[in-house]
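Asker: Can you read through this structure? Questions will come right after.
The values are calculated or read from the model by the stated rules, or taken from the named source; none is laboratory data. From a predicted model like this one, the values you see are computed outputs, not experimental measurements. Positions of Cβ are backbone-derived with ideal geometry, glycine not excepted, and every protein chain shown enters the neighbour counts. Ligands, DNA and RNA are stripped out before the accessible areas are found, and what is left, the full protein with its side chains, is counted by its heavy atoms. Shrake-Rupley method; radii C 1.70, N 1.55, O 1.52, S 1.80 Å.
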Amino acid sequence: MPAPKDFLSDFHWLMDVLQNIDVGLIILDEEFNIQLWNSFMQNHSAMGPADVLGKNIFESFPELPEPWFRQKVQSVFVLHNSAFTTWEQRPYLFKFKNYRPVTGIADFMYQNSTIIPLKDTRGKVEHICLIVYDVTEVAVNRLQIQAANLQLHEISRTDGLTGLLNRKTWELDAEQEYKRFKRHEHPCSLVMFDIDHFKNINDSYGHPAGDEVIRQTAAAVKSCIRDIDIAGRYGGEEFTIVLSDTDTEGALVVAERIRNQIQELTVHYEDFAIQFTVSLGVAQLTQQMNNRTAWIDCADKALYQAKKNGRNNSVVYTP
């Protein structure tokens, strides 16, 4: 009985396998010249074997990060150990367009890659095999989950109407600022304000118009403060802002900036043109304030005094 044929010994069969598997296969010599280029690489690069075989891979693909790739491959030649890269470390080696309709939101193919040392009969490594895997579907799914989680995180922190921090989140951030003050005693101030006669706005123009007034008030606040400041909607028509590294004088400047901008603002809703004002209280944090609540209470007292003074003004808290 004849011995079964070992088809792997037939080079023709082996080349068919290498050419048709659904991963990219490139064999490089020590000078980074391309010795093998399979169908996957040809289809996605639109470059056939005649275009690349015997040529330097960096000349054929200038977008390939040469210093990084040389270092990666050098370790394989020297240590005779495989090396790996993932799409999370580097989205791709070869900038191939993404062609799959399911993952159409990705402009390019996300790739994992493996670099394998190829030993000759003497045990020397003079060639390496670079394997490129298309992991676009996995990457896009993971990125979508990460984006959804980030969105949920932001939704849980912010007020839906204004985009400012909601009260719970603002209080947590204010507490951290209070603790930082206790450690370092840096100047820090709190501004609290609300919209004057807001009930009249709701009664005269309707609650949707009142919501638009609140939205545009929040937009005015955002335009008047720094990225490091902590602004929140405290409840209803009341707003709060923690001004880091800001003393009373600086906080009063910010408060007046907000007051003047809102005083000049006209909110257009349907056929209505609504003008309104705000009253503001300012309190710089001191060692005599035993907790965050005491700090808020001081700013609230200053706000109450601003109301008593006739509204549309800013008042600094004094003990």
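Asker: Among the candidates Gly235, Gly206, which residue alone is within 26 Å of Trp295 (Cβ to Cβ), surrounded by fewer than 17 Cβ atoms within 10 Å (Cβ to Cβ) and of a type outside the set (Lys, Arg)? Give the steps one after another, and end with the answer.
Answerer: On the way: Gly206 fails: within 26 Å of Trp295 (Cβ to Cβ).
That would be Gly235, the only listed residue that is within 26 Å of Trp295 (Cβ to Cβ), surrounded by fewer than 17 Cβ atoms within 10 Å (Cβ to Cβ) and of a type outside the set (Lys, Arg).
Asker: Give me the residue from region 173-222 that is among the hydroxyl-bearing types (Ser, Thr, Tyr) and more than 17 Å from Phe276 (Cα to Cα) and, out of that set, modelled with the highest pLDDT.
Answerer: Ser189
Asker: Another question, then. Could you run through region 283-302 and say how many residues are under 23 Å from Phe198 (Cβ atoms) and in contact with a Ser or Thr (Cβ under 6 Å, 6 or more places away or on another chain)?
Answerer: 0
Asker: Within region 158-179, track down each residue that is assigned to a strand (DSSP E or B) and within 14 Å of Asp229 (Cα to Cα).
Answerer: Leu165
Asker: Given the residues Val253, Val242, which is the only one that is surrounded by fewer than 20 Cβ atoms within 10 Å (Cβ to Cβ), modelled with pLDDT of 95 or more and out of contact with any Pro (no Cβ under 8 Å at 6 or more places or on another chain)?
Answerer: Exactly one residue qualifies, and that residue is Val253.
Asker: Just give me the residues in region 19-28 being surrounded by 13 or more Cβ atoms within 10 Å (Cβ to Cβ), outside any loop (DSSP other than H, G, I, E, B) and modelled with pLDDT under 90, in sequence order.
Answerer: Keep residues of region 19-28 that are surrounded by 13 or more Cβ atoms within 10 Å (Cβ to Cβ), which gives 19, 21, 23-28.
From what is left, the residues that are outside any loop (DSSP other than H, G, I, E, B) are 19, 24-28.
Correct list: Gln19 only.
Asker: Where residues in region 302-319 are open to solvent by 70 Å² or more (accessible area, probe 1.4 Å) and modelled with pLDDT of 95 or more, which of them is nearest to Glu249 (Cα to Cα)?
Answerer: Here the answer is Gln305.
Asker: I'm trying to understand the selection: among the residues of region 261-276, which are surrounded by fewer than 15 Cβ atoms within 10 Å (Cβ to Cβ) and either touching a helix residue (DSSP H, G or I) at 6+ places or on another chain (Cβ under 7 Å) or part of a helix (DSSP H, G or I) (or both)? Please lay out each step first, then the result.
Answerer: Step one: list which residues in region 261-276 are surrounded by fewer than 15 Cβ atoms within 10 Å (Cβ to Cβ), which gives 263-264, 266, 268, 270-273, 275.
If the condition is that a residue be surrounded by fewer than 15 Cβ atoms within 10 Å (Cβ to Cβ) and either touching a helix residue (DSSP H, G or I) at 6+ places or on another chain (Cβ under 7 Å) or part of a helix (DSSP H, G or I) (or both), then Gln263, Phe272 are the ones that fit.
Asker: Can you name the number of the only condition in (1) open to solvent by less than 70 Å² (accessible area, probe 1.4 Å); (2) closer than 21 Å to Thr169 by Cα that Lys222 fails?
Answerer: Status for Lys222: all satisfied but (1).
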